[in-house]
Each structure stands twice: as structure tokens, then as C-alpha cells.
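The next block holds one structure in the form of C-alpha cells; read it before the comments.
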Amino acid sequence: MRNIRYLLAQPEHGYRGTAASFWVLVAMTVLATGRSLVHIFANDGGANSIAGLEVSGDAGDNLVHLFAQWGLEQLLLAVVAWVIIARYRFLVPAALLLQLADWGLRAVIAEFKPLIVDDPPPGAIGNMIFVPILAVALWFSLPRTDP
């Protein structure tokens, strides 16, 4: 069994999970940083070029604006994760939980409010891949409980 109290561990406890879980967080943070910057700086925010959404006209301009704002939110989550990676490693489980919630809850929302596109965007495919990886990484980021 794993010790769930380490989701919000104390600094003196340090990080007691596996190195693999830490590196999953690093990889996911690199991905989150990259995709956030695309949403912020791409001319179409990635709405058309990546997600395949129509962005012509005023409604399209609004959609591009929303994608850029979404990119900012992703960047803020990534910055929090980078701070944890660099300075507060005892919070690695909490950062993995945030990543799992981000990917997992977007998958839930997609079931209720699906995008109408010809091909699924990379995030839809990522949900199927990264949710289980993050769940396993979160599990192994928590130390075992004493027998």
C-alpha cells in the first residue's frame, strides 16, 4: 500500500517516491510547457493547425483568443511544476496529481462536450496515453506505508 499523506508532504520528509515518477513529471512538464507556448504564440493558437477547428471570421478570432488564454493557464501549471522540480521535490506527488487531473478531467469533459473535427486532436490521443502513465507515476511517487 502507498502512503497518501505524501501528496502534501512536509519539506523535511523530502521526496520518497521512485526516480521514474520524478522523470515522468519532468517529461510531462516539458510537454506542458511546449504545448502552452504553441497555444500562446501560434497565429491560430493551434486551433486550426493542430486541433483542426475552423478559425475564419469573428468566431474564429474569438476561438484563437480562447486557445491563447488556455495556453496561459497551461503555462502557469507548467511553471508550478518547474518550481517543484527545481526546488520543492517533496511536492512531486501533488504535481503529478495536478497533471493527472488536467489530462483526466479534460478526457471526461470531452465525453460530455466533444469537439466536432475530422480527426482527433493530439490532446485526445494524449488523454488515452498519459492518463494511465500519470496514474501509475502518481502511485509510485508515494512511499510505501509501514507494514
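Points worth noting:
- Among the conditions (1) free of Cβ contacts under 8 Å to residues at least 12 places away in the same chain; (2) closer than 19 Å to P120 by Cα, the only one that S36 does not satisfy is (1).
- Failed item, numbered, when A95 is tested on (1) free of Cβ contacts under 8 Å to residues at least 60 places away in the same chain; (2) over 25 Å from N48 (Cα atoms): (1)
Yes or no, residue by residue, for (1) over 30 Å from W23 (Cα atoms); (2) surrounded by fewer than 17 Cβ atoms within 10 Å (Cβ to Cβ); (3) within 21 Å of the chain's Cα centre (by Cα):
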| position | (1), (2), (3) |
| --- | --- |
| G45 | no, no, yes |
| A51 | no, no, yes |
| S56 | yes, yes, no |
| A59 | yes, yes, no |
| N62 | yes, yes, no |
| A68 | no, no, yes |
| L72 | no, yes, yes |
| A78 | no, no, yes |
| A81 | no, no, yes |
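- Subset of region 8-30 (residues that are crowded, with 16+ Cβ neighbours inside 10 Å and in a helix (DSSP H, G or I)): S21, F22, V24, L25, M28, T29
- Restricting region 103-145 to residues that are of a type in the set (F, W, Y) and closer than 30 Å to R16 by Cβ, the residue that is nearest to the chain's Cα centre (by Cα): W103
- Residue count for region 41-68, restricted to those that are more than 19 Å from G126 (Cβ to Cβ) and in contact with a His (Cβ under 8 Å, 6 or more places away or on another chain): 1.
- The number of residues in region 84-102 that are more than 15 Å from V131 (Cα to Cα) and either acidic (D, E) or more than 15 Å from the chain's Cα centre (by Cα) (or both) comes to 6.
- Qualifying residue in region 105-117 (condition: farther than 30 Å from P11 by Cα, in contact (Cβ under 8 Å) with a residue 40 or more places away in the chain and small (G, A, S)): no
Here, each number is a calculation from the coordinates, and none is a lab measurement. Only a predicted model underlies this, so the values are computations on that prediction, with no experimental measurement involved. Quick reminder, even Gly has a Cβ in these numbers, built from the backbone with ideal geometry, and neighbours come from all protein chains shown.
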